[in-house]
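Quick notes on the structure that follows.
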Amino acid sequence: AQSVTQLGSHVSVSEGALVLLRCNYSSSVPPYLFWYVQYPNQGLQLLLKYTSAATLVKGINGFEAEFKKSETSFHLTKPSAHMSDAAEYFCAVSKGQGAQKLVFGQGTRLTINP
Amino acid sequence: NAGVMQNPRHLVRRRGQEARLRCSPMKGHSHVYWYRQLPEEGLKFMVYLQKENIIDESGMPKERFSAEFPKEGPSILRIQQVVRGDSAAYFCASSLPGGPGNTIYFGEGSWLTVV
């Protein structure tokens, strides 16, 4: 069965610092991987997705993620944090072969310090 | 192009009442999903529907919960005889038909409070 583990339920960085949110997956088949962002009391917005093309995926708002099969990881990064990046971030996996069900990690709350 | 529309955004029900949550998918999307987010937790899959068909309901509680996506009209998530533990945010999502790499778009959510 597919699963996702997000390391660190809370991450705090200073404005302008590197953002690194960790995600490890477990999948018996080549996975499709997603990062979503959720602002307070809102729905989820897709940041980026990996669908077996390039291993380095660029998303919106300056975020990117690298798929590393050997490490079963799909960490999310942004070189320079902005106050508006404060939100909850979810990593999700969708298995191949016709299934479209997303399995989400527990989420990481990102706080940006001025 | 409107996104996934959910209503109501907020719903308060007394224990034992029924809650009905509605979802209109994005234009052209024939696949609908319902997820539940309990306080301080991630999203948990509930059900996956296509028009007039339930494809996967492995995440639905066995009792009191039902979902439909009729030929015409929105998808409905129905919770009968609500209990306090049903208080959560319920998110609907939709996608185009195709494979698992398709983007799934989420609505703004419906927050259910059971008092």
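Observations
- The mean number of partner chain beta-carbon atoms within 10 angstrom of a residue's beta-carbon across peptide B:36-44 is 4.
- Centre-to-centre, using Cα atoms only, the range B:1-49 and the range A:10-57 are separated by 22 Å.
- For A:35-43, mean number of other protein chain Cβ atoms within 10 Å: 4
- Pair A:THR77, A:GLN42: separation of 7 Å Cα→Cβ label points (nm): 2.6
- When each of A:LYS101/B:LYS27; A:LYS69/B:LYS62; A:LYS58/B:LYS62; A:LYS58/B:LYS27; A:LYS58/B:LYS44 is checked by Cα-Cα distance, pairs over 31 Å: A:LYS69/B:LYS62; A:LYS58/B:LYS62
- Cys with no candidate disulfide partner in the protein assembly as shown (beta-carbon separation under 4.7 Å rule): none
- In terms of packing, defined here as the mean over residues of other Cβ atoms within 10 angstrom, the peptides B:103-113, B:44-54 line up highest first as B:103-113, B:44-54.
- Environment charge of B:GLN6, counting only residues whose C-beta is closer than 11 Å and scoring Lys/Arg +1, Asp/Glu -1: +1
- Pairwise FRET efficiency - B:ALA2 versus B:GLU41, Cβ, R0 = 25 Å, nearest 0.05: 0.30
- Working ranking of peptides B:86-96, B:3-13 by packing, defined as the average number of other Cβ atoms within 10 Å per residue, highest first, is B:86-96, B:3-13.
Every number here is computed from the coordinates shown, using simple stated rules; none is lab data. Note that the structure is predicted; figures quoted are calculated from it, not measured. Glycine gets a Cβ as well: all are built from the backbone with ideal geometry, and neighbour counts include every protein chain shown.
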